[in-house]
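What follows is one structure encoded as structure tokens, with my remarks underneath.
Any read-out appearing in this document is the output of simple, stated calculations on the displayed coordinates, not a laboratory observation. Because the structure is predicted, anything quoted here is derived from the model rather than measured. We place every Cβ from the backbone using ideal geometry, glycine too, and count neighbours over all the protein chains shown.
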Amino acid sequence: MSKKILIVDDEVHLRTLLHQTLEELEDEGVELHTAANGEEALAAIQSMRPNLVFLDVMMPKLSGFDVCERAKKVLGLTDIYIVLLTAKGQEFDRQRGIEVGADLYMTKPFDPDSLLMKARDVLGI
Amino acid sequence: MARISLKQILGAQNGLGPVVAALELAFGSTVAVEDAAGGPLLGTAGGGERFAVAHDGKELGWVSGSHGAEAVATLLRFLAEKELERKALGSEVLHLYREVNLIYSFSEKLAALLDLERVARLTLQEARHLIVATDGAILLLDEGSGALLSLAAFGDELPGLSGFARGKGIVGAVAASGIGEIVNDVLSDPRRANVVIDVRSLVCAPLKVGEKVIGVMVLASTLPMAYEARELKLLNTLALPTATAIENARLFEHTVQAGLERERLLALNKEAEVARAGYERELELAETIQANLFPAQLPHLTGYDLAARNRPARRCGGDYYDVIVAPDGFGLALLCVADVSGKGLPASLLMSHMQATLRALVGRSGSLTALAADAHALLYGSTAGNKYVTAALLELEPVTGLGRYVSAGHINSWLIDRDGVPRPLGSTGAPLGLLPPGLPYTETVVSIAPGECLVLCSDGVTDAQNHAEEEFGEARLAEAIAAARHGTAEQVVAYIFAAVDAFAASAPQFDDITLMVLRRDR
């Protein structure tokens, strides 16, 4: 079964950038999926069970924290590796991140190479 | 070139399934899509015509069906092209994003650096990530000479080179104009100044703070390159925070230097304070020595009125006076006013020396001239070559009023008769202790009649100046003595001091003033 990455950001250019950054993994059989908001993200997590989610924190309605909490705590999908993405300079509530069960957080603007390396590391490829 | 697959296209175009279904409906037939390997992607291949979906001669997959398959294949080809365009655009955006990210983190790293060379090295390192180059250098402009001095460099050609200057060569032109340049054919550029360098292409950006050029950054290649506006723009982008960081590092360096200088000055000040305290102690000691040298009370000479006063110019002067009544039983008295060379403690010690010498010799030398010669020989033998004393010496026989006067290089003394007519008593020999012994001292015989006055003084009296730098002089001194001659010796002294002060007004006293007045009453 192919490995899946879900990219969640309400800003289309960031989704594109993240997708582009990770696109070379498609050649190695990794499926890349995107979601534009919290609800879509949650639906995608439930239906496709991605191995790795890059999840923006600041989104309208359902925030990244909420999505992470529901996925990990409510749905019990603890084996999904969730990376929270937070804007640099924006105060990040580390405690909240830990409470909702996030595995890592990275800041935007992100370093494409580090992000790709992290993805490879998590997926074991 | 980016790679695409039909699976991606169908996956990316979420609405494609329904579109194909609509086409099937429209054409009244079923359509199947397979990947390049024949794997089913949409529908089930059931026959009919098979159309390839290819891009750039490479098959991405197949569309089969009776009707409409060709239209679906055309649609997929179109979408494949669009997907490739999207990927190319995305790739470019990602490339730019990487650059922005590098510049962002570069600026962050720069901000933490306060060392000129490290700033330059970091900048070159980042520039190499972004621009292909075999050589690179950051040169700083020396405002005074116009020389461009290498701060950091890499490669085989640029490091170690010197001779760059504003307005000279391509790099110098950028420093002069403040506008970056791309030169892809260095060899044929007429401005090429340094023929030693085997550089074929270069891109050069000025380092500017505001409008001021503080240096240049150059990236070069020993192989021909086709540098473009993009590279120059990147270099300019890097140059901006680098110039600021260099300026900051310089300011920091100046601040540190200024701090060190301040500390050094403080230390010097402290040293000076210690030295001053030492000097102060020395002055106090000299003052004490000097004060003890002047006779606490002048001896009484029957038939005479005697007074003397010394006012040093500074805390510790170089004048001395004394009156010694010889212990020989004949009632001879020795009056002396002397001026020793130098100031402060050395002068006080010399004065002490003079006093001891005089007191030791009184009554032991055969005559006043012999006493002067002996004193001279003793002082010459026991003091440094530049130390000497001028002295006016009077050996008086009080009963007769007869005296012998010796002046060892001293200024005139004055004898004023009852009518107020002054008679100067000039020098009769060399200063004591200055020249090798052997020069003779002569004496002047004086006779002091009742009502007559003898005044011995130091040059501080006649040399006293007013604000116009005019000197008090001998004429005013003689006038003052004549005018005051009927008073007591103390009054004469006070009168002359007052006359000198009135003349000088508030002009500062720059030399010691010493006066000794002897008046014969009967």
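Hey, got the dipole for the protein assembly as shown? About the Cα centre, +1 on K and R Cβ, -1 on D and E Cβ, debye to the nearest 20?
Value, rounded to 20: 480 debye.
What is the gain in length, in nm to one decimal, between B:Asp56 and B:Gln297 on full extension, counting 0.36 nm per residue of separation less the C-alpha to C-alpha distance?
Numbers: separation 241, 0.36 × 241 = 86.76 nm, distance 12.72 nm.
Between B:Asp56 and B:Gln297, full extension yields 74.0 nm more.
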Open item on the list: With a cap of 15 neighbouring Cβ atoms within 10 Å, and only residues DSSP puts in a loop, list the trypsin sites (Lys or Arg not before Pro) found in the stretch A:16-78.
Closed with: A:Lys61
Open item on the list: I want the local charge near B:Asp319. Using Cβ-Cβ distances under 10 Å, sum +1 for each Lys or Arg and -1 for each Asp or Glu among the other residues.
Closed with: -3
Open item on the list: How big is the dipole moment of the stretch B:116-250 about its Cα centre under a simple scheme where the beta carbon of each Lys and Arg is +1, that of each Asp and Glu is -1, and everything else is neutral? Debye, nearest 20, please.
Closed with: 200
- [ ] For the stretch B:6-105, build the convex hull from the C-alpha positions and give me its volume per residue in Å³.
- [x] 103
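Tell me the relative contact order for chain B as a rounded percent, counting alpha carbon contacts under 8 Å between residues six or more apart. Please report the intermediate quantities before stating the final value.
Values: 1021 pairs, mean separation 47.2, N = 522.
Rounded, it is 9 percent for chain B.
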Task: Length-normalised contact order for the stretch A:4-123 - Cα pairs under 8 Å, 6+ apart - percent - done: 24
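Mind running the shape call on chain B? Use the C-alpha gyration tensor, a ≥ b ≥ c as the square roots of the eigenvalues: rounded below 1.5 for a/c, prolate if a/b tops b/c, oblate otherwise. All intermediate terms of the calculation are to be shown ahead of the outcome.
Working: a/c = 6.05, a/b = 5.15, b/c = 1.18.
Prolate, because a/c is 1.5 or more and a/b exceeds b/c.
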Open item on the list: List the aspartates and glutamates whose Cα sits under 12 Å from the Cα of B:Lys387, skipping any in the same chain fewer than 8 residues away.
Closed with: B:Asp339
TODO: Restrict the search to the stretch B:379-470; then list the GluC sites (Glu not before Pro) that DSSP places in a loop and that have at most 15 other Cβ atoms within 10 Å of their Cβ.
DONE: B:Glu469, B:Glu470
Task: Peptide A:49-56, shielding by other chains (average Cβ, 10 Å cutoff) - done: 0
Open item on the list: Quick check: the angle from helix B:344-361's long axis to the longest principal axis of chain B, C-alpha only, nearest 10 degrees?
Closed with: 20
TODO: Could you work out which residue, out of A:Gln95, A:Gln20, A:Gln46, moves most in a Gaussian network model of chain A, that is, has the largest mean-square fluctuation with Cα springs under 10 Å?
DONE: A:Gln95
Open item on the list: Report, in listed order, any pair from A:Lys73/A:Lys118; A:Lys118/B:Lys233; A:Lys108/B:Lys7; A:Lys72/A:Lys118; A:Lys4/B:Lys233 with a Cα-Cα distance greater than 27 Å.
Closed with: A:Lys118/B:Lys233; A:Lys108/B:Lys7; A:Lys4/B:Lys233
TODO: Could you work out the longest stretch of chain B that avoids the chymotrypsin sites (Phe, Trp or Tyr not before Pro) located in DSSP loops with at most 13 other Cβ atoms within 10 Å?
DONE: B:1-329
Open item on the list: With only alpha-carbon atoms in the gyration tensor, what are the semi-axes of the equivalent ellipsoid for the protein assembly as shown, in Å, largest first?
Closed with: 114, 29, 19
- [ ] Over the whole of A:16-23, what's the average partner chain Cβ count within 10 Å per residue? Rounded to a whole number, please.
- [x] 5
Task: Shielding by partners - mean other protein chain Cβ count within 10 Å, residues of B:85-92 - done: 2
Open item on the list: So if I average 1/r over every pair of distinct C-alpha atoms in the stretch B:391-522 and take the inverse, what Kirkwood radius in Å does that give?
Closed with: 15.4
Open item on the list: How many angstrom lie between the Cα centre of the stretch A:66-125 and the Cα centre of the stretch B:220-244?
Closed with: 37
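Based solely on its DSSP helices, what 222 nm [θ] is calculated for chain B when runs of n ≥ 4 H residues each add -39,500 (n - 2.57) and the sum is averaged over all residues, nearest 500 deg cm²/dmol?
-14000 deg cm²/dmol
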- [ ] Please identify every one of the trypsin sites (Lys or Arg not before Pro) in the stretch B:230-273 that sits in a loop by DSSP and has no more than 13 other beta carbons within 10 Å of its own beta carbon.
- [x] none
